[in-house]
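Let me begin by presenting the structure, written as structure tokens, before commenting on it.
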Amino acid sequence: MNVVESDKAPPTNVPPILDVRTLSKTYPGQRALVNAKIAVRRGEIHALIGQNGSGKSTLIKVLAGYVKADHGADVHFNGKPIDLWRASSEQRSLVRIVHQDLGSCSHTLGNREPRARSRL
Ligand SMILES: Nc1ncnc2c1ncn2[C@@H]1O[C@H](COP(=O)(O)OP(=O)(O)OP(=O)(O)O)[C@@H](O)[C@H]1O
Ligand SMILES: [Mg+2]
């Protein structure tokens, strides 16, 4: 998976809102993410680009709290460490997901969608 940075991006000396310093995810028999990193600052738009199966959806699912990262993830939100899996509902409401396949959702999306129905 590639992180493409534009030369018009905001300066990187601004502290990130979301700072994924390291994040791995292993499904049974499949390492989906290995030491993934991404920093998102106010006003930035990022695109996750990668071949099928490179872990794009997994990263979003972990950030949204639908999937639990491997032990050892180091993620900061607004300068403070955050456990994405145990984040409070208030913290979780700060991450919103627009689903690729709306047909899989029977009603309201956002952070109230049941985990088991998450389809990104
Ligand atoms: N629930 C799961 N159980 C086991 N393996 C999984 C599971 N979900 C994803 N994987 C595997 O993890 C890897 C990353 O999958 P992921 O769906 O995150 O990739 P992706 O980049 O979103 O792919 P695509 O471009 O096809 O949407 C793949 O090898 C996939 O088969
Ligand atoms: Mg995907």
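FYI, it's all coordinate maths here, none of it is from the lab. What you are looking at is a predicted structure, and each value in this text was computed from that prediction instead of being measured. Glycine gets a Cβ as well: all are built from the backbone with ideal geometry, and neighbour counts include every protein chain shown.
Being of a type in the set (S, T, N, Q) and away from ligand 2 (no atom under 13 Å from the Cβ) is the filter here; which residues of the range 51-77 pass it? Talk me through it step by step, then tell me what you get.
To start, the set of residues in the range 51-77 that are of a type in the set (S, T, N, Q) comprises 51-52, 54, 57-58.
Of everything in the range 51-77, nothing turns out to be of a type in the set (S, T, N, Q) and away from ligand 2 (no atom under 13 Å from the Cβ).
Of all residues in the range 33-70, count the ones that are near ligand 1 (Cβ under 8 Å from one of its atoms), crowded, with 17+ Cβ neighbours inside 10 Å and in a strand (DSSP E or B).
Residues that pass the stated criteria total 1.
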